2 protein chains.
Amino acid sequence: MSAENAKRVGIVGAGQLGRMLALAGYPLGLRFVFLDKSKDAPGGQVGEIILGEFGDAEKLRELSEHVDVVTFDVENVPVEAVREGVTRPFRPSVDLLEKAQDRLLEKQLFQSLDIPTPPFAPVDSLADLRAAVEEIGLPAVLKTRRLGYDGKGQRVLREGADLEPAFKELGSVPLILEGFVNFEREVSIIGVRSVSGEARFYPLSENTHREGILRYSVAPFEDRTLQGLAERHIERLLNTFDYAGVLTIEFFVADGKLIANEIAPRVHNSGHWTIEGAVTSQFENHIRAILDLPLGDTTPMGHSAMVNFIGTMPAVEDVLDIPGAHYHSYGKEPRPGRKLGHATLTSQSRTELMMRLEHLLNLAAE
Amino acid sequence: MSAENAKRVGIVGAGQLGRMLALAGYPLGLRFVFLDKSKDAPGGQVGEIILGEFGDAEKLRELSEHVDVVTFDVENVPVEAVREGVTRPFRPSVDLLEKAQDRLLEKQLFQSLDIPTPPFAPVDSLADLRAAVEEIGLPAVLKTRRLGYDGKGQRVLREGADLEPAFKELGSVPLILEGFVNFEREVSIIGVRSVSGEARFYPLSENTHREGILRYSVAPFEDRTLQGLAERHIERLLNTFDYAGVLTIEFFVADGKLIANEIAPRVHNSGHWTIEGAVTSQFENHIRAILDLPLGDTTPMGHSAMVNFIGTMPAVEDVLDIPGAHYHSYGKEPRPGRKLGHATLTSQSRTELMMRLEHLLNLAAE
């Protein structure tokens with residue numbers, strides 16, 4: 001692959017995921033072009049950028065014309081605009097992206113593939129909500145069907161009196177009610193499948209959220225039964241959509257069983273540990289997959305922990321003082337609740353890892 | 001560290017070393033600006049570039065004004081221009097850079113620090129050469145004192161008749177004659193020291209050259225005695241120059257002893273394996289060192305082998321088909337004898353590594 005005929009990858013959205021995709025893809029001799037509203041977005045700092053809205057089909061066409069394949073960083077890229085504007089292969093699957101954007105379609109998809117989910121019901125009126133609560137019981141979680149992320153657009157309903165205010169707050173858009181899962185832990189699996197159908201799976205990561213935002217992940221979460229189950233679930237999704245790229249499923253673990261919470265048809269925050277903690281990172285494997293290159297080894301190297309920096313970044317020198325620490329700034333302006341960066345710890349010993357993790361969590365405290 | 005006050009690093013030269021420095025430095029939240037003649041140089045593909053000659057003091061001043069610290073990719077950056085033009089800290093040491101650019105000063109430096117070298121003598125005339133051969137014996141190697149790299153500007157003298165033609169060919173510039181070392185192997189050590197004096201060392205790498213160009217490296221080369229000796233040698237150099245950054249010494253091993261061949265006051269081709277094969281890469285540690293951040297763990301993770309791609313790149317899919325392979329293209333146009341990229345293999349088993357290395361060497365054959 002020479003400089004002249006270097007393959008080019010278009011990325012819709014130049015957030016941290018796009019930035020890390022580009023940093024992982026440069027060694028493969030690729031060039032990257034982003035579409036984003038902001039010139040100084042994390043990805044724009046490390047690649048070319050076309051300024052524009054994700055939903056602008058004309059801009060998507062312009063991006064397409066500069067590249068060999070188009071992928072995305074933001075999950076909420078409007079699928080109609082993609083179908084209209086993108087003139088190159090769009091990977092992963094726009095069909096799965098569409099379902100992932102709507103919690104109702106997503107839950108129905110899980111159901112159709114025998115992937116266990118919490119009980120759920122669509123809610124378009126207060127009457128619907130009352131009927132759904134009757135069926136599902138309380139506590140339950142009322143969520144907007146679309147555009148929810150990092151805990152936004154959700155209300156936990158604990159008693160009858162919660163229904164009306166929650167519906168008033170969220171009910172201007174279509175909703176879904178989901179049974180509240182009293183989980184023991186949250187885990188996620190990341191799978192990757194290439195254009196020609198080769199598939200690999202990372203080990204489960206155990207994830208800790210607060211206020212709906214991922215705070216930290218520890219991997220591998222070693223449980224052979226759950227690992228096998230998660231792989232079978234994700235493999236069904238990958239094959240159903242003839243998927244090319246990285247796919248993530250977040251699960252609750254309750255009574256020792258997996259209950260699917262949501263999918264992300266892309267690289268995922270709970271997989272950032274793979275940059276240092278696996279033979280091949282999720283970012284490199286996504287790039288390999290969408291270009292139909294052989295996939296890389298997903299084996300973990302020792303134990304890893306990833307901590308998100310939200311709202312503020314700790315001093316880089318304090319983080320790097322922790323043995324085995326790797327610091328990742330996304331080059332963003334600080335803002336409350338914003339994911340600005342993360343750090344990953346690796347160690348051959350899980351005990352040592354957990355001690356260092358405690359230290360790092362103290363640094364990350366807002 | 002926010003986007004607004006992100007630290008900026010200037011790199012003189014936008015070759016593959018600069019490119020890999022930038023790729024390692026972005027996660028630390030840094031920005032990179034290169035000075036290079038060519039807009040499409042490997043570094044220019046992943047960072048900002050100022051177009052200009054390395055030896056142009058005005059351009060070095062312009063680069064300085066955009067950044068917080070200046071480092072370099074090319075070893076032959078003219079030191080006078082650096083002293084005149086660079087207005088920010090220039091790291092590593094310009095004094096050691098000056099000595100590293102001249103094989104005579106370099107050998108004298110080794111001598112002054114009790115680091116064993118082959119016998120050597122300056123050669124400015126045919127008479128000097130005859131006298132030097134008298135003293136050192138044959139075979140010996142006649143080299144230009146300056147601007148030699150990758151085996152260029154060298155002639156091996158095997159018999160008396162070789163002297164005159166070799167001198168005719170090279171003698172328009174100052175030369176050095178070095179005793180020919182009948183070595184068992186070649187190894188290199190990479191050390192890193194931060195502004196405040198913290199130092200770390202990578203394990204020795206065993207290097208195989210052909211026609212003066214590094215073909216492949218295998219690390220770690222495990223020999224406790226030689227490792228300790230190499231660390232003491234490099235530590236003396238680091239401390240003497242109050243050095244900040246990565247430093248490399250290439251040694252011959254002869255009769256089980258280390259004989260210093262040359263120094264590179266920068267990240268080194270024989271350390272590319274550290275990207276995947278060590279907890280912290282030489283590139284990240286160089287950046288940490290020149291910004292006075294805590295240095296990262298240099299421990300190797302299993303066994304690694306790095307193979308250079310010279311003149312042509314093998315197909316990326318053939319390389320990635322080898323388990324544990326990582327591909328690095330520098331985004332350069334192919335040209336005979338040009339280093340275009342490399343691949344690194346990692347494995348927990350040295351036997352497995354050597355089998356895969358053989359496969360990779362076949363792919364890399366020109």
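Throughout, read-outs are computed from the coordinates displayed, never taken from laboratory work. On a predicted model such as this, the values are computed, not experimentally measured, just so you know. No Cβ is skipped: glycine too gets one built from the backbone with ideal geometry, and neighbour counts run over all protein chains shown.
Structure values in brief
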read-out: Modelled FRET efficiency - R0 41 Å, B:ARG350 with A:LYS37, Cβ distances, 0.05 increments; value: 0.20
read-out: Tensor-based shape of the stretch A:151-192 (alpha-carbon gyration tensor, a/c under 1.5 rounded, otherwise prolate or oblate); value: oblate
read-out: 10 Å-binned pair-distance histogram of the stretch A:8-90 (Cα, whole percent); value: 22, 58, 19, 0
read-out: Projected label distance in nm at B:ASP318 and A:ASN239, using a 7 Å step from Cα toward the beta-carbon; value: 3.3
read-out: Selected from A:VAL253, A:LEU238, A:GLY311, residue furthest toward positive end of dipole (the protein assembly as shown; charges at beta carbon); value: A:GLY311
read-out: Top of B:LEU204, B:LEU35, B:LEU353 by mean-square fluctuation, Gaussian network on chain B, Cα under 10 Å; value: B:LEU353
read-out: Most fluctuating residue given options A:SER93, A:SER112, A:SER64, as computed from a GNM of chain A linking Cα atoms under 10 Å; value: A:SER112
read-out: B:THR87 paired with B:ALA57, simple spin-label distance in nm, labels 7 Å along Cα-to-beta-carbon; value: 1.4
read-out: Distance between the stretch B:205-245 and the stretch A:72-99 - C-alpha centres, whole angstrom; value: 50
read-out: Per DSSP, loop GluC sites (Glu not before Pro) in the stretch B:198-265 with at most 11 further Cβ within 10 Å; value: B:GLU211
read-out: Pseudo-label separations to other copies for A:ASP255 - Cα-to-Cβ vector, 7 Å, nm; value: 7.8
read-out: The stretch A:119-179 shape via C-alpha gyration tensor axes, a/c threshold 1.5; value: rounded
read-out: 5 angstrom amide H check on B:VAL279, placed H, neighbours 5+ away; value: B:THR299, B:MET301
read-out: Residue among B:SER112, B:LEU157, B:ALA131 farthest towards the positive dipole end of the stretch B:77-173, charges placed on Cβ; value: B:SER112
read-out: Aspartates and glutamates whose Cα lies under 15 Å from that of A:LYS39, excluding same-chain neighbours fewer than 8 positions away; value: A:GLU48, A:GLU53, A:GLU333, B:GLU4, B:GLU48
read-out: Span from the the stretch B:330-366 Cα centroid across to the the stretch A:1-51 one, whole angstrom; value: 26
read-out: Globularity index of the protein assembly as shown, i.e. its alpha-carbon radius of gyration over 2.2 N^0.38 Å; value: 1.05
read-out: Neighbourhood charge, 12 Å Cβ-Cβ cut-off, centred on B:LEU157 and excluding it, Lys, Arg +1 and Asp, Glu -1; value: -1
read-out: Value of D in µm² per second that Stokes-Einstein yields for chain B, Kirkwood Rh from Cα pairs, at 37 °C (0.692 mPa s); value: 155
read-out: When each of A:LYS152/A:LYS339; B:LYS99/B:LYS168; A:LYS7/A:LYS37; B:LYS107/B:LYS257 is checked by Cα-Cα distance, pairs over 22 Å; value: B:LYS99/B:LYS168; A:LYS7/A:LYS37
read-out: Kirkwood-based Rg to Rh ratio, the stretch B:1-146, C-alpha trace; value: 1.12
read-out: Debye log10 I(q)/I(0) for the stretch B:185-364, one point scatterer per Cα, at q = 0.17, 0.20 Å⁻¹; value: -1.07, -1.36
read-out: Nearest-0.05 FRET efficiency for A:ARG335 and A:GLU65, computed from C-beta distance (R0 35 Å); value: 0.55
read-out: Mean ellipticity per residue at 222 nm, deg cm²/dmol - from DSSP H runs of n ≥ 4 across the protein assembly as shown, formula -39500 (n - 2.57); value: -9000 deg cm²/dmol
read-out: Where only alpha carbons of the stretch A:257-333 are counted, the Rg and the Dmax (Å); value: 14.9, 41
read-out: Placed amide H near B:HIS209: partners under 5 Å, 5+ positions off or other chain; value: B:ARG215
read-out: Residue-by-residue Karplus 3J(HN,Hα) for the stretch B:74-88, coefficients 6.51, -1.76, 1.60, Hz, glycine and proline x; value: 8, 7, 9, 4, x, 5, 5, 5, 4, 4, 7, x, 6, 10, 10
read-out: Sequence-distant residues sharing a close amide H with A:VAL9 (under 5 Å, placed H); value: A:ARG31, A:PHE32, A:VAL33, A:ASP68
read-out: Additional length obtainable on full extension of the chain from A:THR208 to A:ALA365, 0.36 nm per residue less Cα span; value: 55.1 nm
read-out: Choice from A:GLU159, A:GLU333, A:GLU53 showing the highest fluctuation, given a GNM over chain A with Cα pairs closer than 10 Å; value: A:GLU159
read-out: Neighbouring partner chain Cβ atoms per residue of A:20-27, average, 10 Å criterion; value: 5
read-out: Peptide-level mean, for B:318-330, of C-beta atoms on other protein chains within 10 Å; value: 5
